[in-house]
1. Could you tell me which numbered condition residue 11 fails, if it satisfies all but one of (1) under 16 Å from residue 68 (Cβ atoms); (2) touching a residue at least 40 places away in the same chain (Cβ under 8 Å)?
2. Could you pull out the residue among 47, 74 that is surrounded by fewer than 13 Cβ atoms within 10 Å (Cβ to Cβ) and in contact with a Leu (Cβ under 9 Å, 6 or more places away or on another chain)?
3. Could you please tell me which pairs satisfy a Cβ distance under 6 Å, a separation of 6+ or placement on different chains, a first residue in region 27-44 that is more than 19 Å from residue 72 (Cα to Cα), and a second residue that is polar (S, T, N, Q)?
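Since every read-out is calculated from the coordinates, none of them should be taken as a lab result. These numbers come from a predicted model, not from an experiment. Positions of Cβ are generated from backbone atoms using ideal geometry, with glycine treated the same way; all protein chains shown enter the neighbour counts.
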Amino acid sequence: MSTKAILIGREVEVIGSSNPSCIGIRGTVIDETANTLVVDVGGASKRLIKQDVVLDVHGVRIDGVSLIGRPETRIKKREKKQWR
């Protein structure tokens, strides 16, 4: 899964965070802004700051820093090639 994927509707789990109370949050992403994700956790919603979290999405580890930006522009953005 690349950072170009749409996260809304996907199951995510927070596996790392600078805020210890966010670690272990698991739920469905219901909204995404440039800097936050809103996750539905059993009827309640939690707002996570992308910069502070590391997510597990279907077994793939994604650093929240790579998700910063509006979803529609992140999908269009070109990724830098790794030549090494």
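1. (1)
2. Testing whether each residue is surrounded by fewer than 13 Cβ atoms within 10 Å (Cβ to Cβ) and in contact with a Leu (Cβ under 9 Å, 6 or more places away or on another chain) leaves just 47.
3. 40/28
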